[in-house]
1. Go over the candidates V88, V99, V147 one by one and state the one that is more than 19 Å from the chain's Cα centre (by Cα) and surrounded by 13 or more Cβ atoms within 10 Å (Cβ to Cβ).
2. Residue pairs, Cβ under 8 Å, 6 or more apart or interchain, first in region 122-147 and modelled with pLDDT of 95 or more, second among the hydroxyl-bearing types (S, T, Y) and surrounded by 13 or more Cβ atoms within 10 Å (Cβ to Cβ). List them.
3. If you take the residues in region 58-68 that are aromatic (F, W, Y) and touching a residue at least 60 places away in the same chain (Cβ under 8 Å), which one is least open to solvent (accessible area, probe 1.4 Å)?
4. For region 52-85, which positions are within 16 Å of the chain's Cα centre (by Cα) and among the hydrophobic types (A, V, I, L, M, F, W, C)?
5. Determine, yes or no, whether T122 is closer than 22 Å to Y44 by Cβ, of a type in the set (S, T, Y) and open to solvent by 70 Å² or more (accessible area, probe 1.4 Å).
6. Among the helices (runs of 4 or more DSSP H) lying completely within region 58-162, list those that include at least 2 residues that are within 18 Å of W22 (Cβ to Cβ) and polar (S, T, N, Q).
7. Of all residues in region 21-57, count the ones that are open to solvent by less than 90 Å² (accessible area, probe 1.4 Å), within 22 Å of T134 (Cα to Cα) and part of a loop (DSSP other than H, G, I, E, B).
8. Out of (1) touching a helix residue (DSSP H, G or I) at 6+ places or on another chain (Cβ under 7 Å); (2) exposed (fewer than 14 other Cβ atoms within 10 Å of the Cβ); (3) within 27 Å of A144 (Cβ to Cβ), what's the single condition that is false for A71?
Amino acid sequence: MNSKARNIFVLALGIALFPPLWAVAAPYLSVKCGAVALICAGVYVAGRGTVKDGWKTMIGFWCGDLWALLALKTMSSLPWNENLSLYVTLAVLGFFAVVIASILERFIYLPAWLSGWAIGLTLMTPEIIKAEKTLPLQIAAAMAVGVWYVGVGVNMFVKILTQKKKVEE
């Protein structure tokens, strides 16, 4: 088997083993939004996917989760119609997300922030948060799992197995 085929096989094996294990474990850990981990792993890998960038990426996701809560709270408290409240909230928060992440780019990965914000807005509503108070924490946990367990974990799995094979040859 050539090197490229071996790398593809090992990556496929890592993807076959790691994410499904999380999918099975998540409900037992009271995380109802386990699939968030797969989205976050994809964003992590689409960036440089290095261990060093894992912290920036996770912080970005967590900022997005917080931003989603802030957006929902803001939209529900504005006196305007729903569309105007939505537009103004997203415009202002989007502007500040870019500015803050740009100033703190050593610590926050902007694409993760924006993706995390979209994830939070997709999964949460004021009504859902009232009924499921821990949902923002479940999302944050799944985001961390996506970066560290799926993203970094699969990368390390691939590196370990492909380096071992190279040494044996």
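1. V88
2. G146/Y44; V147/Y44; V147/T57
3. Applying the filter and picking the extreme gives F61.
4. The answer is W55, M58, I59, F61, W62, C63, L66, W67, A68, L69.
5. yes
6. none
7. Adding up the residues that qualify gives 5.
8. (2)
The values are calculated or read from the model by the stated rules, or taken from the named source; none is laboratory data. Everything quoted here is computed from the prediction, not taken from an experiment. A quick note on method: Cβ atoms are made from the backbone with ideal geometry, for glycine too, and the neighbour counts reach across all protein chains shown. Just so you know, the surface numbers come from the protein's heavy atoms only, side chains and all, with ligands and any DNA or RNA stripped out. Shrake-Rupley method; radii C 1.70, N 1.55, O 1.52, S 1.80 Å.
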